[in-house]
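Below you'll find the structure, written out as structure tokens, and then a few comments.
Each value in this text was obtained by applying a stated rule to the coordinates, not by laboratory testing. In this text the structure is predicted, and so the values were computed from the model without any measurement. Counting neighbours? That spans all protein chains shown, and the Cβs are built from the backbone with ideal geometry, glycine included.
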Amino acid sequence: MSSVIEDIKSRLNIVDVAGGYLKLEKAGGNFKACCPFHNERTPSFFISPSRQTYHCFGCNKGGDVISFVEEIEGLDFQGALKLLADRAGVTLTRERTGAKDERDAIFSTLELATRFYEAVLPKFPDAVSYLTGRGITQETVKSFRVGFAPDEWRSLGDFLAKKGVSENVMEKAGLIVRSPKGFYDRFRGRVMFPITDSSGRVIAFSGRILKEEAGKTIGASASAKYVNSPDVEVFHKSRALFGFSQSRDAIRSEDSCVLVEGQMDLILSHQAGVKNAVASSGTALTSEHLEMIKRFTKNIVLAFDADDAGISAVHRAVELALSQDMSVRIARLPKGMDPADVACKDPLQWVDAVKNSKQVIDLYIELLPSLHKEKSELRAKVTEVIVPFVALLKSQIDQGHYVGEIAKILGIKEEHVWDEVKRRGAMANANQLIHGSAINLNAEKLEYKNPPLSRLLRISRTIEGVLRWQEGLKENAINNIGDYRARFAKLLEGLPPIDVVLGDAIVFEAEARLHGSERIEEELNVLLRTMNEEILQEKFTAKMAELKEAENKGDVPLAEKLLTECQSISKELHTLTKNIL
């Protein structure tokens, strides 16, 4: 594997890879851009072509081309590697022998399941007829790897068992369900749609019932129309979008993303030529979904019927997107039709609907007066629907424009509209604070999700991996490796416990990243320096918070003491960061 890593790095320039996500500007021998990992107006994100590294002086994130893709795509190391290998035209192989780690085993099992479902589909004419009847071509079926799960209790489970997959791995992949009598397949009698991560690896499935009597769970009286994989280690529905890997390049080139609800909407949209579409797979749109999309574009398009029911259906999605400073447009559909219906019946009509989509507030200002003729009813609807959206806009110029438009259609003074906009803005901020408390107080009512690793934890795991790798070699590439171990231990002193015990995985990752490099010791020095910088940054942030509190309380002596400490930490930070690039 390590030689493959070097091959990928030799074929790809980090400037070219990052340039696919960012607008880069020349800055001497380097390139700069506004950082994709935090909001900023002045570029503090720099790329060094000579070192093939990046670093942001605003949020302190940095690394090589692989870690860049990990960060910006939200992938693990293997996922980023696969994405880059596809781009470089390199076939991934694994030189290591022995058992794969658990995540690898899960990914491998999900791939086997996908191939099983694909192979089974042609043997069931009813399933093929269903897809044909929905207007899906054979080419599209292959492109999206659509398959079929037979209406049998253990067809997939038995197939995987013959391939050497354990029941434990099948369960962790979300493919089987345990019962007192053993296990049975989660998906039965269903048309299967694989859900992938942004690198194209299958992470879950969504299964559409073919016949109402099929696929019932033991003791159940009815079957759901769609059944999705449960949240497992590699899949969290709040962070996965159907069709994202197939759409990402089109989203970037079109600088917009069309959001639809279901698998059929997405597949038929792509088939009709609107390839920058993704689907939430029937789950509610989340802020994590929007963060994925924002890596490629800030412009989204939603589709709905132009009536009150349609407005209500997308209200939450619009609110969420505007709160994240995204631009939202609406593609209007004929009454009673969804994107799949339109794309199947008249592909050009779907293309035109997306092309001619209107900015959401402009559309509502145009639409609501035609739906609500009574002045009192119109005022209520504008207050309920439009004003909250205006309150979420980040630009005061945009807010002023829409305040004027609202005042016109309601025949009232602008100051009254401004009062309501400000009131709604205050309510939105209060709700956000309440929601933050609810996460701690009512966790059982919320979806559980794995938070991303902190930067400090990621750096410490990388250092630990490099040290273990080198310590395990008869002839290592680091002079006085014990000194580096001592420096690392010193940095860990005084910190909350940091879990770096990942065994083989972190050693393999270190070897994969650095094998063959002549600068291993230099890289380790950079990692230790960056870890020190991260620790100082966290200390600086904490001290600044203390300083602000002291100033608010009017405690001048304490404020002066904390200011001196902040200045001292800032000086240390400056010394560390000035030589990184």
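Just a few scattered comments:
- With the simple model of a label 7 Å out from the Cα in the direction of the Cβ, LYS548 to ARG529 spans 3.1 nm.
- Partners for LYS394 among aspartates and glutamates (Cα-Cα distance below 15 Å; same-chain residues under 8 apart left out): GLU40, GLU319, ASP325
- Computed [θ] at 222 nm, deg cm²/dmol, the chain (DSSP H ≥ 4; -39,500 (n - 2.57); rounded to nearest 500): -17000 deg cm²/dmol
- A crude spin-label estimate for the pair SER327 and HIS416, with each label 7 Å from Cα along the Cβ direction, gives 3.3 nm.
- Taking other C-beta atoms within 10 Å as the exposure proxy, TYR130, TYR117, TYR484 rank TYR130, TYR484, TYR117 from fewest upward.
- Of all DSSP beta bridges confined to region 239-378, the antiparallel ones make up roughly 20%.
- Spatially proximal lysines relative to LYS211 (Cα-Cα < 22 Å; intrachain offsets below 8 disregarded): LYS123, LYS225
- Expressed in Å, the radius of gyration and Dmax of the Cα atoms of the chain are 26.9, 84.
- Separation between Cα centres of region 159-179 and region 519-573, rounded to whole Å: 49
- Top positive-direction residue, dipole computed over the chain with Cβ charges, set PRO557, GLN349, VAL301: GLN349
- Region 21-84: trypsin sites (Lys or Arg not before Pro) in DSSP loop, at most 14 other beta carbons within 10 Å: LYS23, ARG41
- Residue exposure proxy: TYR364, TYR184, TYR54, ordered by other Cβ atoms within 10 angstrom of their Cβ from fewest to most, comes out as TYR184, TYR364, TYR54.
- Rounded to 5, the percent of DSSP beta bridges in the chain classed as antiparallel: 70
- Residue pairs, from the table LYS490/LYS548; LYS32/LYS422; LYS172/LYS490; LYS142/LYS294; LYS9/LYS543; LYS358/LYS422, whose Cα atoms sit over 32 Å apart: LYS32/LYS422; LYS172/LYS490; LYS9/LYS543
- Normalised by the number of residues in the chain, the average gap of Cα pairs under 8 Å and 6 or more apart makes the relative contact order 9 percent.
- The chain - charge dipole about Cα centre, Lys and Arg +1 at Cβ, Asp and Glu -1, debye rounded to 20: 580
- Considering only PRO125, PRO388, ALA331, the residue lying farthest towards the positive end of the dipole of the chain is PRO125, judged by Cα position with unit charges set on Cβ.
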